[in-house]
């Protein structure tokens, strides 16, 4: 079932939606084709009314907004996840029952992916969490290619360029 | 794609107590960075060598424990990936 889910993601076109922006920093999230909401918004909707994780959700959101309004998405505020060579990371850095997986493209640009309950020791043991990480790793690879070609530009707090239209996971 | 921003709405309803805790977590992370930087350790994006990475991590742990003995249980992840700036 997981493989099928990943195969579906492989065929899907994604858009990047801006969720919070200041002069210096920009928080973005992925929106899959034919979906109304971004992955971060779906994450919020899924857990905001669940009593046992509501606090954990608020901690993650508080971290995100503090980074947007403050010093930016510095590496030390995130859990390192994925492989050493990619930009995948997770929140919160403190203990919590939830994980939100993100792509830290620079100190001023963050793309939030999906997330869920952390019930296993590693994300690899959970098919859903693994799926979120893999889709972010694929997006990271695609963005790197388009950056190299000059089709995507990452500047202070923004990501732009016609390469964004070519993102097919 | 809907334009309503669920994120911004959710951020508005974060309890003040959690915002205060977040400030504390950030100040701890910033303090660790400051302490390690002053000792010649820098956070590296991708240390290539496994042994360097382990050594950097162990030294970072030691430095952190020396300078920040409190609130240890939440510090582990702040210390990952430091290596000596040579």
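Just to verify a number: FRET efficiency for residue A:12 and residue B:38, C-beta to C-beta distance, R0 = 51 Å, to 0.05?
0.60
Quick one: go through the range A:90-109 and flag any residue whose amide nitrogen is under 11 Å from the point 7 Å out along the Cα-to-Cβ line of residue A:50.
A:97-99, by backbone N distance to the label point.
Which residue, A:49, A:151, A:87, tops the fluctuation ranking in a GNM of chain A built on C-alpha contacts under 10 Å?
Maximum fluctuation in the GNM of chain A, among the listed residues, is at A:49.
Given axes a ≥ b ≥ c from the Cα gyration tensor, I'd like to know whether chain A is rounded (a/c under 1.5), prolate (a/b larger than b/c) or oblate.
Verdict is oblate for chain A.
Can you tell me how the range A:44-84 classifies by the Cα gyration tensor, rounded, prolate or oblate, using a/c under 1.5 as the rounded cut?
Oblate is the answer for the range A:44-84, as a/c is 1.5 or above yet b/c matches or exceeds a/b.
Mind checking which of A:96, A:70, A:82 has the largest fluctuation in a GNM of chain A, springs on alpha carbons under 10 Å?
A:70
Report the Cα centroid-to-centroid distance between the range A:57-94 and the range B:8-28 in angstrom, as an integer.
With the range A:57-94 and the range B:8-28 each reduced to a Cα centre, they are spaced 14 Å.
For a footprinting-style exposure proxy, rank A:13, A:48, A:121, A:42 by other Cβ within 10 Å, fewest first.
So the ranking, lowest neighbour count to highest, is A:121, A:13, A:48, A:42.
Which whole number gives the average count of other chain Cβ atoms within 10 Å of the Cβ atoms across peptide B:6-17?
Across B:6-17, the average partner-chain Cβ count within 10 Å equals 6.
Assign one of three labels to the range A:47-127, namely rounded, prolate or oblate, based on the Cα gyration tensor with a ≥ b ≥ c the square roots of its eigenvalues; rounded applies when a/c is under 1.5, prolate when it is not and a/b is larger than b/c, and oblate otherwise.
Oblate, since a/c reaches 1.5 and b/c is not below a/b.
Order by neighbour count: A:89, A:102, fewest other Cβ atoms within 10 Å first, most last.
A:89, A:102
Under a 10 Å cutoff between Cα atoms, tell me which one of A:147, A:103, A:129 has the largest fluctuation in the Gaussian network model of chain A.
Comparing A:147, A:103, A:129 in the GNM, the peak value goes to A:147.
Every read-out reported here was derived from the displayed coordinates using simple, explicitly stated rules and does not represent laboratory data. Keep in mind the model is a prediction, meaning the values are calculated, not measured. Heads up, the Cβs are rebuilt from the backbone with ideal geometry, glycines too, and the neighbour counts pull from every protein chain shown.
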